[in-house]
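Step one of this worksheet: look at the structure below.
The values are calculated or read from the model by the stated rules, or taken from the named source; none is laboratory data. Please read these numbers as outputs of a predicted model, since none were measured by experiment. Note that we place each Cβ from the backbone using ideal geometry, even for glycine, and neighbour counts take in every protein chain shown.
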Amino acid sequence: MGDEGKITRRRALLAGGGTLAFGGTVAYIASRSGSSDGGYVPATSHTSDETSGFGVELAGRPIAGERDAPVDIYYWTDYLCPFCKEFERETFPEIGRNYVDTGDVRMVVLYYPNIGRYSMPAAIWGRCVWSQAADTEASAFWNWHSAAFGEQPNSGKDWADDETFAGVTERTDGVDLSAVETCREERGESIRESMDPNLGVAHDARIRGTPGFVIYNRESGAAVKALGAQPYENFADAIDQVLQS
Amino acid sequence: MSRTGGVAGRNWVRDLRDALVYPLTSNLRLLSAAVATVVTYAVLVLSSFPQFSIQVLTNDPTDIVYAVTALTREVYLSTGWLGIGLVAAYAVLTGVATINALALVRQARRTGASTIVGVLPGVLAAGCASCGAGVLGALGFVGAMAALPFDGNLLRLGGIALLLFFLGRAGDPQTCSIGGAGDA
């Protein structure tokens, strides 16, 4: 009561310390992003021509993780989707390190073109890059994949076009731009048609946008759906639940 | 003329200093300023990508820490150290301005001051925190800030200058301003 209305040394120190702590916390959180700038590259990737127990066609789709992982995560995405970019930057690397690289989960990238007019061409770029890199240097695809999301500007303007994606492809080591262009020309239409069955699976699972996920136990058939860019902890809980069911 | 300007400048600097240290005059004011700072920071950062914030918070309101940290990184990556520093400074100044404005309003009510003009600068100081960096994002203009010069840093800087101007003009909320009319 005695020091009410006065500026005391204790309060001044408290305010100074608090301001420094606030600034330090903000700086720490912001600088943590530097580590994920390069994007996540899974330790192993593989191809498959099978249809999973959940009904997802795996042929031609990028798959991160071990072939015999007990849990599948089907990840519907769009290179034009800002929420997917958040997921890629904030959550995917942690899921990758803690579940995919340990052999517990394999992540299947499925395209769900829904944001803009270039969503479908962007998805075809993705499939063609994977078909070119899958058997020789799969890591090149994952580098390309995170670089493509990295092209999203914060302005939300119409940024996606042939030039942007050709630039990403050209800058990615291990990907041959001319081979990808040939794939787009010759197989673009068939790739477009091949997306329908897996989009049907997404609709049946009541996934209507991106990013959308189904976490599926390949042995027991247990499945959990997740929507949106959620924190890692939510995915970890869901994966643990599906692993044990 | 220059002498008058110099005196006015010195008074403004002294008033600004008095305004900035006002929250140090009681534990409750200091705590309230800290809470207002953190809340303002969260609102500013969340409004930088409102659709994402709404999606995360409607899904689970307890994920607010995740949303704030994810968007802190987003603001840093899009505007750099200067941008995130300005947002943090904005929040601290708004914390101080909010407490000062509340004190001014309370004082005006107690003394029965008929004029709202007396408290207006302080209230504006607190209010303009939302008119600068916040509202554009909150209105759903994703990227509106990024489309502005220097990725919106100019607007943030302008907001901070406005806050400092009004804080200096209002001065210590515990004292009555007599010389205020001089520059009115």
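Looking at B:SER32, is it away from every other protein chain (no Cβ under 11 Å), under 17 Å from the mean Cα position of the chain (by Cα) and at pLDDT below 90?
In short, no.
May I ask you to list pairs of residues, at least six apart or on different chains, whose Cβ atoms are under 8 Å apart, with the first in the range A:14-28 being part of a helix (DSSP H, G or I) and the second being among the polar types (S, T, N, Q) and surrounded by 15 or more Cβ atoms within 10 Å (Cβ to Cβ)?
So the pair list comes out as A:PHE22/B:THR37; A:VAL26/B:THR72.
Go through the range A:171-199 and give me each residue that's in a helix (DSSP H, G or I) and surrounded by fewer than 12 Cβ atoms within 10 Å (Cβ to Cβ).
A:SER178, A:GLU185, A:GLU186, A:GLU189, A:SER190, A:GLU193, A:ASP196
Take the residues in the range B:71-84 that are within 20 Å of the chain's Cα centre (by Cα) and among the aliphatic types (A, V, I, L, M), then tell me which one is farthest from the other protein chains (Cβ to nearest Cβ).
It comes out as B:LEU82.
Please go through (1) over 14 Å from the mean Cα position of the chain (by Cα); (2) surrounded by fewer than 23 Cβ atoms within 10 Å (Cβ to Cβ) for A:GLU90 and return the number of the only condition it doesn't satisfy.
Among (1) over 14 Å from the mean Cα position of the chain (by Cα); (2) surrounded by fewer than 23 Cβ atoms within 10 Å (Cβ to Cβ), A:GLU90 violates only (1).
Take the residues of the range B:47-70 that are surrounded by 16 or more Cβ atoms within 10 Å (Cβ to Cβ) and hydroxyl-bearing (Ser, Thr, Tyr): which is farthest from the other protein chains (Cβ to nearest Cβ)?
B:SER47
Looking only at the range B:147-184, count how many residues are polar (S, T, N, Q), closer than 28 Å to A:LYS6 by Cα and at pLDDT 70 or above.
Going through the range B:147-184 one residue at a time, the tally reaches 0.
List every residue pair whose Cβ atoms lie under 7 Å apart, where the two residues are 6 or more positions apart in sequence or sit on different chains, the first residue falls within the range A:173-192 and is closer than 19 Å to A:THR136 by Cα, and the second residue, located anywhere, is outside any helix (DSSP H, G or I).
As it stands, the answer is A:GLY174/A:GLU137, since those pairs meet every condition given.
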